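Let me begin by presenting the structure, written as structure tokens, before commenting on it.
We did not get these values from a lab; they are worked out from the coordinates using the rules stated. What you see is a predicted model, and the numbers here were worked out from it, not measured in a lab. Positions of Cβ are backbone-derived with ideal geometry, glycine not excepted, and every protein chain shown enters the neighbour counts.
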Amino acid sequence: MKEILSVRDMHSGYGSIEVLRGINFSVHEGEILAVVGSNGAGKTTLLRTISGLIPASQGSIAFRGEDISRCSPAQIVARGVSQAPEGRRVFSGMSVEENLRLGAYRRPDKHPDVVDRALEQVYTYFPRLRERRRQLAGTMSGGEQQMCAIGRALMADPHLLIVDELSLGLAPLVVQELLDILAAVHERGCTIVLVEQDVSVALNFSDRAVVMKSGSVVLTGDASSLMGDDEVVRSYLGGE
């Protein structure tokens, strides 16, 4: 299967503090890949490095065959990698629709008609956002803000959508609603990386999984096989 993202011997961190060491994994075009591990495993640092928010100190990150490890975050978004960040990070003093339209800023085709169609597609995925489109994003519930964050990422027309900690602070019914929407996004041809601390959520939704521990990738494999391996769950994922 063709690789859409390839990370090879990648190291990164914050100043003199190295958080990630020798990261190696690939994302195949058209799949859903889970990145799982306990709090502090390095998952969010990994995403920040892929997105260009912090530089890789060593190794390479290739997207669709092009090295993006020295690209700016704006250049990476323009190439087709979009992220819904941990904690949603909506612009609380702006309306829902203003938040969504900001997501189109770096999309390749920004013609008003194209952006309007993209917005309509987001509203199709998230009818609640259509209802709330004039509401200040910061006044919505956590689940609605997560919808807004994902919708904003989709407005960039990504080939690869990265969702960081989808379930954080949300009720199970809301999480399932969001997973159903992501499944619909995936069916339209978008590759998805789901980064999650909740192992059951991530593995039950994904095709393959990358397991991180203490800043390293310790396992990769079929998600259902990893979920069914008691030793794997107990040793690496904090399960009972």
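Laid out as a table, the results:
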item: Between helix 172-187 and the chain: long-axis angle, C-alpha atoms, 0 to 90°, nearest 10; result: 90
item: Spin-label model distance (nm) - SER38 vs GLN135, 7 Å beyond Cα toward Cβ; result: 3.8
item: Whole-Hz ³J(HN,Hα) from phi, Karplus 6.51 cos²θ - 1.76 cosθ + 1.60, for region 193-201, glycine and proline x; result: 10, 10, 9, 8, 7, 7, 4, 5, 4
item: Charge tally in the Cβ shell below 9 Å around VAL77, where Lys, Arg are +1 and Asp, Glu are -1, VAL77 excluded; result: +3
item: Tail fraction, Cα-Cα pairs, region 97-240, threshold 27 Å, whole percent; result: 29
item: Ranked TYR105, TYR125, criterion: other C-beta atoms within 10 Å, fewest first; result: TYR105, TYR125
item: Expected 222 nm ellipticity per residue - DSSP helices of 4 or more, -39500 (n - 2.57), all of the chain, to 500; result: -10500 deg cm²/dmol
item: Beta bridge orientation in the chain: antiparallel %, DSSP, nearest 5; result: 55
item: Stretchable slack from ASP207 to ARG188, in nm (0.36 nm times residue separation minus alpha-carbon distance); result: 5.2 nm
item: Order of LEU46, LEU178 under a 10 Å beta carbon neighbour criterion, fewest first; result: LEU178, LEU46
item: Whole-number D in µm² s⁻¹ for the chain, Kirkwood Cα-pair radius fed into Stokes-Einstein, 4 °C, 1.567 mPa s; result: 72
item: Net +/- balance of residues flanking PHE25 in space, Cβ distance below 13 Å, scoring K and R +1, D and E -1; result: 0
item: Those residues of region 191-209 whose amide nitrogen sits under 18 Å from the label point placed on LYS2, 7 Å along Cα→Cβ; result: 191-193
item: Neighbour-count ranking [beta-carbon atoms within 10 angstrom, fewest first] of LYS110, LYS213; result: LYS110, LYS213
item: Inter-label distance for THR220 and ARG64, nm, one decimal - labels placed 7 Å from Cα along Cα-to-Cβ; result: 2.1
item: Per-pair calculated FRET efficiency, R0 = 41 Å: SER92 and ASP113 via Cβ, rounded to 0.05; result: 0.90
item: Label-reachable residues, region 40-60, where backbone N falls under 17 Å from a point 7 Å from SER72's Cα toward its Cβ; result: 51-56
item: Radius of gyration, Dmax [region 49-117; alpha carbons; angstrom]; result: 14.1, 42
item: Estimated translational D of region 88-157 in µm²/s (Stokes, Kirkwood radius over Cα pairs; 10 °C; 1.306 mPa s); result: 137
item: Chain lengthening between SER200 and ALA171 when straightened (0.36 nm per residue, less Cα-Cα); result: 9.0 nm
